[in-house]
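Remarks on the structure that follows.
The values are calculated or read from the model by the stated rules, or taken from the named source; none is laboratory data. Note that the structure is predicted; figures quoted are calculated from it, not measured. Because the Cβ atoms are built from the backbone with ideal geometry, glycine has one as well, and the counts that use them run over all protein chains shown. Heads up: the accessible areas ignore ligands, DNA and RNA and are worked out on the full protein's heavy atoms, side chains in. Shrake-Rupley method; radii C 1.70, N 1.55, O 1.52, S 1.80 Å.
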Amino acid sequence: MSTLAPTPSPALRAARRRRRLGASLRLVGALLAALVILFPLYWMVAVALSTRSELLGGQMRLWPREVTTENFERVLDSFPVLTWFGNSVAIALVTSLIIVSINLLAGYAFAHLRFRGSGVLLLLALSTLMLPVQVIMVALFRLVTDLGLYGSYWAVILPTAASAFGVFLARQFMLGIPRELIEAARIDGAGHRQIFLRIVLPLSRPLIAVLFFMSLLQTWNDFAWPLIALRENELYTLPIGLLYLQGQFGADYGGTMAFALITVAPMVVVFLVAQRWFVQGFASSGLR
């Protein structure tokens, strides 16, 4: 003999309808926000693939009538884009590796080592976040000039090879590592180097992904300091090359968007590949 399920009360049905309506509104809001955020990237692609006559003829549509790659070909033929791309990759990778290494070591020290003045040192490091980079550019320029680094890759890499926010993020993440694991390793005779390499580092993979992507993105898009520190055309990075292109070609919207797309695309790909570790690292650090 089958039993009939109890009929939901009107109040329960109304609560379910409100929950479904709230979920639908949140979904619509998320889709609208994604559309607003992604539309500039879509428009960049549309303009980069449009013909020059369509761009200058006042007939621009949401998608070009005739798709062409002539803007990319013109930019690649007129400028050393591949050289600038290689410069950006080299500077961004080396800077990011140095930043990640320093931040991980400093974060471990502030999280699990007890030494006099650690709180003051952390506070001083975080206080540098309140200083705009423009304030210290003159001092940085004199420093790299006195060291004989002006006009080289190292003039761009070394002054940005530390991040106060990265140190704070690493410290917050490593505070979440159970101290029992570290204490057990110490009882077994492990030193700080072994604890860091065998316990802390394997558990910090999401943090490493966050620090690496943040430093890579910041270095890749950096414009002001490389413009000051580099003097040879062959050493320019992509953001400087984009300014150089605008000065040469004037109102070449298709070429400008093609060059901008070449600059933006690598970071979009990196984020899509590493987004899971990126979100997990921020969540594990205790920041919201």
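Of everything in region 62-76, what is without any contact (Cβ under 8 Å) to a residue 12 or more places away in the chain and not acidic (Asp, Glu)? Give them in sequence order. Scanning region 62-76 gives Arg65, Leu76.
Do we find that Ala184 is exposed (fewer than 14 other Cβ atoms within 10 Å of the Cβ) and of a type in the set (A, V, I, L, M) in this structure? Spelling it out, Ala184 is indeed exposed (fewer than 14 other Cβ atoms within 10 Å of the Cβ) and of a type in the set (A, V, I, L, M). Number of residues in region 32-50 that are more than 30 Å from Val75 (Cα to Cα) and surrounded by fewer than 10 Cβ atoms within 10 Å (Cβ to Cβ) equals 0. Checking each residue in region 161-189 for being within 17 Å of the chain's Cα centre (by Cα), part of a helix (DSSP H, G or I) and at pLDDT below 85 picks out no residue at all.
The set of residues in region 226-238 being crowded, with 20+ Cβ neighbours inside 10 Å, part of a helix (DSSP H, G or I) and in contact with a Ser or Thr (Cβ under 7 Å, 6 or more places away or on another chain) consists of Pro226, Leu238. Restricting attention to region 190-226, which residues are under 20 Å from the mean Cα position of the chain (by Cα) and among the aliphatic types (A, V, I, L, M)? Residues satisfying the conditions are Leu207, Ile208, Ala209, Val210, Leu211, Met214, Leu216, Leu217, Ala224.
Here Arg74 meets the list (1) basic (Lys, Arg); (2) open to solvent by 70 Å² or more (accessible area, probe 1.4 Å); (3) modelled with pLDDT of 85 or more almost entirely, failing just condition (2).
Residue check: is Ser96 open to solvent by 40 Å² or more (accessible area, probe 1.4 Å), at pLDDT 85 or above and closer than 30 Å to Arg179 by Cβ?
Taking the combined requirement at face value, the residue does not satisfy it.
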